[in-house]
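J.: Sharing a structure below in structure tokens format, with a few things to ask.
The values are calculated or read from the model by the stated rules, or taken from the named source; none is laboratory data. Because the structure is predicted, anything quoted here is derived from the model rather than measured. Here Cβ is always computed from backbone atoms with ideal geometry, including for glycine, and neighbour counts include all displayed protein chains.
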Amino acid sequence: MNASPSQQDRVLDGALTCVARVGLGKTTLDDVAREAGCARATVYRCFPGKQALFAAVLERELDALGSRAIDAAAETDSLADAVVAVIMTGADTFDSHAALRFVVDHEQEILAPQLSFERGSAVLRGAAVLIAPAFTRFVGSDRAERLGEWVARLTLSYLLNPSELVHLDDPACVRALVVDYVLPGVTQPVRSFDSVTAAAATASEGDSA
């Protein structure tokens, strides 16, 4: 018998509460069941194991973040403001999400492999797809997805490695970052690698003449 959506949500909420309290590594399915107010068998009926449970938690939270970012961008009138809205929504979620904060602060050994190499690239590609709709009013779908990945990489980098020069909770600071460094890479025509190398070769020939 399959669990109902309400049961699944209760289990996912219970899992998040447990992670916020003791972390991913120490959270057990018994803990989740107690927090969700259900039997351990109910947790297993919803999710076949701990890995499946936390994969579902991650998917739900990312979907929610994507929806919030798109809603925030929908209130803007320019591409710059849309990008700022998405970045600040991500930063606000990062700071206010208790379970995520616990993992970032105390379980780097669990977090780091998920953000490295192939796994990290997959996470960023997924983030790009989620937030690309925030930009399609202003640029084509291909550029919106590329911009989404760029924004995800940039935001994650500053959140995990804070800079004294960039504060993602300061709208003016974020807007300056976007206008100076993000938008030029999106609004300028894309040059192929062949055209770049050809231009470099021409310049080199001119210097040697």
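J.: Is region 185-197 home to any residue that is at pLDDT 90 or above and in the same structural domain as Met88 (by TED's automatic domain parsing)?
T.: Kept after step one, since they are at pLDDT 90 or above, are these residues of region 185-197: none.
Checked region 185-197: no residue is at pLDDT 90 or above and in the same structural domain as Met88 (by TED's automatic domain parsing).
J.: Would you mind finding the one in Leu159, Leu154 that is in the same structural domain as Val178 (by TED's automatic domain parsing), crowded, with 18+ Cβ neighbours inside 10 Å and farther than 19 Å from Glu59 by Cα?
T.: Values: Leu159 fails: crowded, with 18+ Cβ neighbours inside 10 Å.
Going through Leu159, Leu154 in turn, the sole match is Leu154.
J.: Can you name every residue in region 18-29 that is in contact with a Ser or Thr (Cβ under 9 Å, 6 or more places away or on another chain) and either under 22 Å from Leu124 (Cβ atoms) or buried (at least 16 other Cβ atoms within 10 Å of the Cβ) (or both)? Steps first, please.
T.: At the first step, the residues of region 18-29 found to be in contact with a Ser or Thr (Cβ under 9 Å, 6 or more places away or on another chain) are 18-19, 21.
Within region 18-29, Cys18, Val19 qualify.
J.: Another question, then. I'd like to check which helices (runs of 4 or more DSSP H) are fully inside region 1-89 and have at least 2 residues that are free of Cβ contacts under 8 Å to residues at least 40 places away in the same chain and in contact with an Asp or Glu (Cβ under 6 Å, 6 or more places away or on another chain).
T.: Numbers: elements: 5-22, 29-36, 40-46, 50-74.
Ranges flagged: 5-22.
J.: While we're here: With respect to Leu111, determine if the residue is over 20 Å from Ala134 (Cβ atoms) and part of a helix (DSSP H, G or I).
T.: On the way: over 20 Å from Ala134 (Cβ atoms): yes; part of a helix (DSSP H, G or I): yes.
Spelling it out, Leu111 is indeed over 20 Å from Ala134 (Cβ atoms) and part of a helix (DSSP H, G or I).
J.: I need the full set of residues from region 30-43 which are in contact with a Leu (Cβ under 7 Å, 6 or more places away or on another chain) and surrounded by fewer than 17 Cβ atoms within 10 Å (Cβ to Cβ), in order please.
T.: Arg40, the sole residue that qualifies.
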